[in-house]
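Notes for the one structure printed next.
The values are calculated or read from the model by the stated rules, or taken from the named source; none is laboratory data. Note that the structure is a prediction, hence the values are computed from the model and not measured. Here the Cβ is made from the backbone with ideal geometry for all residues, glycine too, and neighbour counts use every protein chain on show. Please note that ligands, DNA and RNA were not included when accessible areas were found on the heavy atoms of the full protein model with its side chains. Shrake-Rupley method; radii C 1.70, N 1.55, O 1.52, S 1.80 Å.
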Amino acid sequence: ARQLMADLKALELRPNEVIYNAMMDVCAKCGKADEARSYLSEMRADGVQPSLVTYNTCISAFSRIGDSNTCMELLQEMRHDNLKPDKISYNGCINAFGNTGNWPAALTLFRGMMTAGVEPDVISYTSCICALEQSNEWQKALELLADMRARGLRPGEIALRVCTRMCAKNDKWMEVQVILNEMDSEGFLPPPVAMGRGGAGRGMA
């Protein structure tokens, strides 16, 4: 990516937003978050205005490595540039909190996106549920699952598997069976379980 950018400038070709975004996306997928952010600074220096896509790409880079502090900094920078964060922006930050198990921050931001008028999607809910697992907050996870359904969203396989693990860990076998039934109706592969109390499954991966 760096060589391509150097070649463009050597040919006196001015990189535009699309090129910068593409370079940042490559960095994000290669785990080079700091380099992605350096492109953000570089494009400003070149007089190229960052867009919503630019910021979301950079947030994604830091979300992948669980750097929630930088994700939140970028969210603030986005607002300072008069850009309104969208679902992708918020989901990237929530996912970063989820990767480190910081469920209070994940839920605070989750509520904040709704206050800002941005409707959460399945990814938003799933990221919060995953954050809750590390602290074994099974009741809050089930509340999110119920809220997801109430909003007309269908929980995905990841959210259901995580909730199954938490419920089984806390001997909530009735809840486990309900989720397993839902997974079966959706055609999802349930987590491997052994028989526990009440005929539901125990233990899994």
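Across the range 80-100, the number of residues qualifying as more than 21 Å from S135 (Cβ to Cβ) and either in a loop (DSSP other than H, G, I, E, B) or among the hydrophobic types (A, V, I, L, M, F, W, C) (or both) comes to 7.
Against the definition (of a type in the set (F, W, Y) and closer than 20 Å to K32 by Cα), how does Y55 come out, yes or no? Can you show your working first?
Numbers: of a type in the set (F, W, Y): yes; closer than 20 Å to K32 by Cα: yes.
For Y55, the condition - of a type in the set (F, W, Y) and closer than 20 Å to K32 by Cα - is met.
Close contacts from the range 98-116, counting a first residue that is under 11 Å from S127 (Cα atoms) and open to solvent by less than 60 Å² (accessible area, probe 1.4 Å) and a second that is part of a helix (DSSP H, G or I) and of a type in the set (V, I, T), with Cβ to Cβ under 8 Å and a gap of 6+ residues or different chains, come to A106/I94; F110/I94.
Table: residues versus (1) modelled with pLDDT under 95; (2) in contact with a helix residue (DSSP H, G or I) (Cβ under 8 Å, 6 or more places away or on another chain); (3) open to solvent by 10 Å² or more (accessible area, probe 1.4 Å).
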position: R64; (1), (2), (3): yes, yes, yes
position: Q76; (1), (2), (3): no, no, yes
position: L83; (1), (2), (3): no, yes, yes
position: D86; (1), (2), (3): no, yes, yes
position: N95; (1), (2), (3): yes, yes, yes
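Is the range 126-137 home to any residue that is open to solvent by less than 50 Å² (accessible area, probe 1.4 Å) and in contact with a Lys or Arg (Cβ under 6 Å, 6 or more places away or on another chain)? So far as the range 126-137 goes, yes, one or more of its residues are open to solvent by less than 50 Å² (accessible area, probe 1.4 Å) and in contact with a Lys or Arg (Cβ under 6 Å, 6 or more places away or on another chain). Report whether or not V53 is in contact (Cβ under 8 Å) with a residue 12 or more places away in the chain, under 16 Å from I19 (Cβ atoms) and not in a helix (DSSP H, G or I). The answer is no for V53. Every condition in (1) open to solvent by 30 Å² or more (accessible area, probe 1.4 Å); (2) under 21 Å from Y90 (Cβ atoms); (3) at pLDDT 90 or above is met by K169 except one, and the failing one is (2). Residue count for the range 132-180 satisfying the condition of being in a helix (DSSP H, G or I) and either touching a strand residue (DSSP E or B) at 6+ places or on another chain (Cβ under 9 Å) or not charged (D, E, K, R) (or both): 26. Among the residues of the range 102-124, is there at least one that is in a helix (DSSP H, G or I), farther than 20 Å from L180 by Cβ and of a type in the set (F, W, Y)? Yes, some residue in the range 102-124 is in a helix (DSSP H, G or I), farther than 20 Å from L180 by Cβ and of a type in the set (F, W, Y).
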